[in-house]
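Reading through the structure tokens given below for one structure.
The values are calculated or read from the model by the stated rules, or taken from the named source; none is laboratory data. Computed from a predicted structure; not experimentally measured. Glycine gets a Cβ as well: all are built from the backbone with ideal geometry, and neighbour counts include every protein chain shown. Surface areas here come from the heavy atoms of the whole protein model, side chains and all, with no ligands, DNA or RNA. Shrake-Rupley method; radii C 1.70, N 1.55, O 1.52, S 1.80 Å.
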Amino acid sequence: MTGPRTATPLAERDLPALAALLAMEGLPNQDITAAGRLFWRVDTPDGLLGYGGLEVYGRDGLLRSVVLPPERRRKGDGCTVVDVISKEAVALGLERLWLLTIGAAGFFERIGFTRAERGDAPPAIRASAQFAGLCPGSAVCLRRDLVSTTAGMDGRRKL
């Protein structure tokens, strides 16, 4: 991977490509056209790295639909996609990200997410379609505070 990473917000016409990749991976895609969902395509000059999305609930966000084409897996591109989406989350004023996953808990833990009880998520996150039914009860809940190397006035570190 060379060159800058770009995050392009998806327009409605772009959602079928995301939906197809999600379906290919067995990931929920039924609600990606619903209001309140934000999705990005992440690219380098070498091409598509993957997609990721957010649902915003106050200072908390639900990270969702992180998916890469098969040829991009196990090369660090998943970390890049999550990093880019995390920076978009910070730009939106979010302080924490939450997610549910069936098979990728280890990946997300390696990049700074920690396991949490579903009941620990804010009520609005728990009421989301992901938590309320799209993801099974067996899905692992994870969260991450959005931090980086630049401390703000309040001592918190933001991406």
Mind listing whichever residues of region 96-126 are more than 18 Å from residue 54 (Cα to Cα), part of a loop (DSSP other than H, G, I, E, B) and more than 16 Å from the chain's Cα centre (by Cα)?
117
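Could you check region 59-69 and list, in sequence order, the residues that are touching a helix residue (DSSP H, G or I) at 6+ places or on another chain (Cβ under 9 Å) and either of a type in the set (D, E, K, R) or within 15 Å of residue 46 (Cα to Cα) (or both)? Before you say what the answer is, go through the steps one by one.
First, pick out the residues of region 59-69 that are touching a helix residue (DSSP H, G or I) at 6+ places or on another chain (Cβ under 9 Å): 60-69.
Scanning region 59-69 gives 60, 64, 68, 69.
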Go over the candidates 66, 81 one by one and state the one that is part of a helix (DSSP H, G or I) and in contact with a strand residue (DSSP E or B) (Cβ under 6 Å, 6 or more places away or on another chain).
81
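Before we move on, is residue 108 closer than 22 Å to residue 32 by Cα and open to solvent by less than 30 Å² (accessible area, probe 1.4 Å)?
Yes; evaluated as a whole, the condition is true for this residue.
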Being under 20 Å from residue 104 (Cβ atoms), hydrophobic (A, V, I, L, M, F, W, C) and either exposed (fewer than 11 other Cβ atoms within 10 Å of the Cβ) or modelled with pLDDT of 90 or more (or both) is the filter here, so list the residues in region 8-31 that pass it.
18, 19, 20, 21, 22, 23, 24
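Only one of these is free of Cβ contacts under 8 Å to residues at least 40 places away in the same chain, under 24 Å from residue 133 (Cβ atoms) and not in a helix (DSSP H, G or I): 26, 93. Name it. Show your work before the answer.
Details: 93 fails: under 24 Å from residue 133 (Cβ atoms).
Within the list 26, 93, the selection yields 26.
What do you reckon, is residue 4 at pLDDT below 90 and touching a Cys at 6+ places or on another chain (Cβ under 9 Å)?
Numbers: at pLDDT below 90: yes; touching a Cys at 6+ places or on another chain (Cβ under 9 Å): no.
No; evaluated as a whole, the condition is false for this residue.
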Which condition number in (1) part of a loop (DSSP other than H, G, I, E, B); (2) under 17 Å from residue 111 (Cα atoms); (3) of a type outside the set (Phe, Trp, Tyr) is the one that residue 34 fails?
(2)
